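Student: This structure is in structure tokens; I'll ask about it shortly.
The values are calculated or read from the model by the stated rules, or taken from the named source; none is laboratory data. The model shown is predicted, which means the values in this text are computed figures rather than measured ones. Cβ coordinates were reconstructed from backbone atoms using ideal geometry, including for glycine residues, and neighbour counts include every protein chain displayed.
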Amino acid sequence: MFSLLLHSSPDHEDYLIAELAEENTEGIVEEDGDIRAFFEDDRDPSRLLDRFAEFSPELRREPSVDWAQATRDAWPPLLIGRRFLLVAPWSDEPTPDGRLRLEVYPGRACGTGRHPATQLCLEALEEYVQPGDRVLDVGAGSGILSAAAALLGAGQVVGCDVDHEAVEIARERVRLPLFTGSADAVRSQWADVVVANIDSATIERLAPELARVRKPDSTLILSGFPKGDPPEGFAVKKTLRREEWRCLIC
């Protein structure tokens, strides 16, 4: 068996993992922000080195280890909030009574539910999404928050992201309407709940559109920023906290 260590930025991890899955990798683990993928000896390492050349691959021989199991061990099930059980698609962990099973393929830290900002958004969604609500997920990324809203009983869920590559990958994993673009493509006063897990500067820039797409009595959930860099100009009624990250309920 051999492995390839691939150096990737967070913006390309979902794409990279999808490409590795097409190559039937035996397992994937994260190493200090990089991705290590494992292959059996019947694969051609030179071809894989060429295919993933843009990620500066490093080839390494590996001992006889069950790397598929190592991948599973690297992504254990995770309880989030009062309602969610976060699992990788291959997990056979039973869903506890009263929990919703949220399956997310490992990829970007902010798209897997492991990041504190994403966890705060999930906790906010479980508190504020009501059955039948219309939910808009701005900066949907992997689609985890869109999927969570649907599990909570939202009547309609729409996700958008300016990264077309991320949208294409998310569409393969989340069977919900996801489009390339932003909130300016959504009808005025459409949403009962809007969630945006992105950086403060982008949230401030989108503020007029976030206000336009919301119904008068709607809820706006904002996260993706640390304590010292909250977006300004919003009427905050509650703040959720985890480590240095914050989530504003407006």
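Student: Answer yes or no as to whether Arg36 is within 26 Å of Asn197 (Cβ to Cβ), among the charged types (D, E, K, R), at pLDDT 90 or above and in contact with a Leu (Cβ under 7 Å, 6 or more places away or on another chain).
Tutor: It is false that Arg36 is within 26 Å of Asn197 (Cβ to Cβ), among the charged types (D, E, K, R), at pLDDT 90 or above and in contact with a Leu (Cβ under 7 Å, 6 or more places away or on another chain).
Student: Go through Ser142, Ser218 for me and flag whichever is polar (S, T, N, Q) and modelled with pLDDT of 95 or more.
Tutor: From the options Ser142, Ser218, the qualifying one is Ser218.
Student: Check whether at least one residue in region 208-218 is more than 21 Å from the chain's Cα centre (by Cα), hydroxyl-bearing (Ser, Thr, Tyr), part of a strand (DSSP E or B) and crowded, with 17+ Cβ neighbours inside 10 Å, and report yes or no.
Tutor: Yes, that holds for at least one residue.
Student: Within region 54-71, does at least one residue satisfy the condition of being buried (at least 19 other Cβ atoms within 10 Å of the Cβ) and part of a strand (DSSP E or B)?
Tutor: no
Student: Then there is this: Just to be sure before I move on: is Arg175 free of Cβ contacts under 8 Å to residues at least 24 places away in the same chain and either basic (Lys, Arg) or closer than 21 Å to Val87 by Cα (or both) in the structure I sent?
Tutor: yes
Student: Could you list all residues from region 206-236 that are out of contact with any helix residue (DSSP H, G or I) (no Cβ under 8 Å at 6 or more places or on another chain) and closer than 21 Å to Ala149 by Cα?
Tutor: Once the filter is applied, which keeps residues that are out of contact with any helix residue (DSSP H, G or I) (no Cβ under 8 Å at 6 or more places or on another chain) and closer than 21 Å to Ala149 by Cα, region 206-236 yields Ala211, Arg214, Lys215, Pro216, Asp217, Ser218.
Student: Here are Arg101, Arg82: which of them is in contact with a Leu (Cβ under 6 Å, 6 or more places away or on another chain) and modelled with pLDDT of 85 or more?
Tutor: Every option except Arg101 fails the conditions.
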